[in-house]
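One structure below.
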Amino acid sequence: MIDLWNPDTFSIELQRALEAKSQLVAEYHSEKRRLLDEQLNSSPYQSLKPNRFYSDYLWFQEHELTPILTETRIRVWHYARLLDHEVNTMQQELVPSSLEFLQKRLHEMVAMELLSQQEADQVFQESPFHSQEDIRSGRLWTVTLPLHHSAGGVSPLLESWGGESAYFWLSDRTLRAKLRKVGLPRILEIETELSDGLNAFSASSTVLEAWARKLRVSVVPKGCDLAITGCLGTAEIVRIHTEGESTFGEVGKTYPEGMSGSAT
């Protein structure tokens, strides 16, 4: 298992491929930064000029790095507010998002007397899944870079039970507040394959940014959202960080090892 943002964890095969193209990686990212600075400081304002290293860089990314990554297992991060029994269930089996799964979770909430049947019905009826099932269903959304729990992109997911599928379009403010009191914020470390070529290509951008940083180019790996789909059956939880535990506040700052020096 590797961390896309940390070259110290890269496989020998991946390191060799990157070492062979280190000059190209450094030149591309140095030129990218130069062109951006030139554009931002131009007067009158100019359009961003093309990067002369782009074609070779893209070919390397598509035809050399991506195939290696499709055979690689990586660590990703999932942010959610969960009840204890939901954590136990996820440790046994990771289940992709779906309207049916949301309904099952709501039934459990009613059985535990955490929601009334009327409240559960409202959450279900106002879920974005009804109109956005094609882009939300069958996925477990993760990020490739460990983020601190206060980061804007993940903090709403930790604040409210059920994530966007439950709270995003919920009109009842009282019910929204109730969902914010259910469960505890959790950060899940997940090991997964990258057998999906699209995911592998997206992941390769973080790898290249991390390698450029190793070469002392001024680049900060940005990471990307990654939806685990077809290979969910082979994914597994490595560790769970719950609010109140010491590591919960360290994720994205000093945890995991190498974080402070490799991705910030």
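FYI, it's all coordinate maths here, none of it is from the lab. The shown structure was predicted, so the numbers you read here are calculated from the model rather than taken from an experiment. A quick note on method: Cβ atoms are made from the backbone with ideal geometry, for glycine too, and the neighbour counts reach across all protein chains shown.
Assuming R0 = 30 Å, can you tell me the calculated FRET efficiency for the pair Met1 and Ser47, based on Cβ-Cβ distance, to the nearest 0.05? Each step should come with its number before you reach the end.
On the way: r = 42 Å, r/R0 = 1.38.
That pair, Met1 with Ser47, gives E of 0.10.
Could you please report the charge total around Leu184, scoring K, R as +1 and D, E as -1 over all other residues with beta-carbon less than 9 angstrom from its beta-carbon?
After counting each charged neighbour, the total is 0.
Provide Val25, Val76 in ascending order of the number of other Cβ atoms located within 10 Å of each residue's Cβ, fewest first.
Val25, Val76
In µm²/s, what is D for region 1-80 at 4 °C and 1.567 mPa s, where D = kT/(6 pi eta Rh) by Stokes-Einstein and Rh is the Kirkwood radius from Cα pairs?
For these conditions, the coefficient is 87 µm²/s.
List the residues whose amide H sits under 5 Å from the amide H of Ser97, counting only those 5 or more places along or on another chain, with H placed 1.01 Å from N in the peptide plane.
Gly138, Arg139, Leu140
Measuring from centroid to centroid over Cα atoms, what is the spacing of region 1-60 and region 97-128 in Å?
About 46 Å separates the Cα centre of region 1-60 from the one of region 97-128.
Report, to one decimal in Å, the Kirkwood hydrodynamic radius for the chain based on all distinct Cα pairs.
It works out to 20.2 Å.
Would you grab the residues whose amide H sits under 5 Å from the one on Ile2? Only those 5+ places off in sequence or on another chain, please, with H modelled 1.01 Å from N.
Arg73, Ile74, Arg75
Counting other Cβ atoms within 10 Å of each Cβ, which chymotrypsin sites (Phe, Trp or Tyr not before Pro) in region 1-59 have at most 14 and sit in a DSSP loop?
Tyr45
With a cut-off of at most 13 other beta carbons within 10 Å, and DSSP calling the residue loop, which trypsin sites (Lys or Arg not before Pro) in region 1-71 qualify? Please list them.
On the way: sites: Arg16, Lys21, Lys32, Arg33, Arg34, Arg52; in loops: Lys21, Arg52.
In loop regions of region 1-71 (DSSP not H, G, I, E or B), the sparsely surrounded trypsin sites (Lys or Arg not before Pro) are Arg52.
Name the long-range amide H neighbours of Leu184: under 5 Å, sequence gap of 5 or more, or other chain; modelled H, no Pro or chain starts.
Those lying under 5 Å, H to H, from Leu184 are Leu82, Leu83.
For region 96-138, which chymotrypsin sites (Phe, Trp or Tyr not before Pro) pass both filters: DSSP loop (anything but H, G, I, E, B) and at most 16 other C-beta atoms within 10 Å?
Filter output for region 96-138: empty list.
Please report, in whole Å³, the volume per residue of the convex hull around the C-alpha atoms of region 75-189.
Convex hull volume per residue, Cα atoms: 104 Å³.
Treating region 138-255 as a set of equal point scatterers at the Cα positions, no solvent, please give the Debye-formula log₁₀ I(q)/I(0) at q = 0.09, 0.21 Å⁻¹.
-0.31, -1.29
Can you sort Ile187, Ile2 by how many other beta carbons sit within 10 Å, fewest first? All intermediate terms of the calculation are to be shown ahead of the outcome.
Numbers: Ile187 26, Ile2 20.
The order, fewest Cβ neighbours first, is Ile2, Ile187.
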